[in-house]
Amino acid sequence: MTAERLQIQNEKEAIIHEIVGAIRQLNRSVYHDAKEMNRHFGLTVPQSGALRVLVRHGRLSSVELSRKLFVTPSNITGIIDRLEKKGFVKRVQKKGDRRIMLISLTRKGAEVGKSLPDPMEKKLILGLADLNTREIRELQQALNRILLLVEAENAVGTGKKTLGDATRDAPRDAPRDAPRDAPRDAPRDAPRDAMDELG
């Protein structure tokens, strides 16, 4: 290998290490936010997200709440159960249709929900809003490529379809940044990974 090629290879490896380091730092930041939320309010990120949604929209059915949080109906049941046990929400019958139960904030839940700090998702949105469209699109494309690499590695030997497969199979007018499979609520409502904290 020539000296020039060796230099190019070393620069490439250095950039890769910087990218991986930045992702790890982001992961630590999100985890720190989640830990602080749990320490100060006794809430996991999905739970705090549910309170925020109920403060913003008022009473909702469990199905409506699950859609706004991008979790499955079965997972939202666990979130609601734990919030109800903590005295933050209650289930009430819908007027005019007693078969439907709505999730409503208690006075305690409303007070806590209104006092919750802004989630990291909001901080990201505000920061990204300062960039121009070209910069945002470049970030989007770079993040999508990273997701493809990670999901392809996770799917090796499992036969599972990756985001890359889905992207290739999707209609050409399908939005690339549309939500993927809804994140599942981890056992005991604990965040499974960094970006689960955007709930």
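The numbers here are math on the coordinates, done by the rules we state, and not lab data. Just so you know, these numbers come straight off a predicted model, no measurement behind them. Quick reminder, even Gly has a Cβ in these numbers, built from the backbone with ideal geometry, and neighbours come from all protein chains shown.
Sorted on the mean count of surrounding Cβ atoms within 10 Å across their residues, most packed first, peptides 40-47, 18-25 read 40-47, 18-25. Using the Cβ of residue 98 as centre and a radius below 15 Å, the other residues enclosed give a net charge of +4, where K and R count +1 and D and E count -1. Under 17 Å from a point placed 7 Å out from the Cα of residue 35 along the Cα-to-Cβ direction: which residues of segment 113-153 have their backbone N that close? Counting only backbone N, you get 120.
The simple Förster model, with R0 at 35 Å and r as the Cβ-Cβ distance, assigns residue 67 and residue 16 a FRET efficiency of 0.40. What net charge do the residues around residue 52 carry, taking every other residue with its C-beta under 11 Å from that of residue 52, with Lys and Arg at +1 and Asp and Glu at -1? With Lys, Arg at +1 and Asp, Glu at -1, the neighbours total +2. Within a straight-line Cα-Cα reach of under 16 Å, residue 108 can be paired with the following lysines, leaving aside sequence neighbours fewer than 8 residues apart in one chain: 85, 86, 90.
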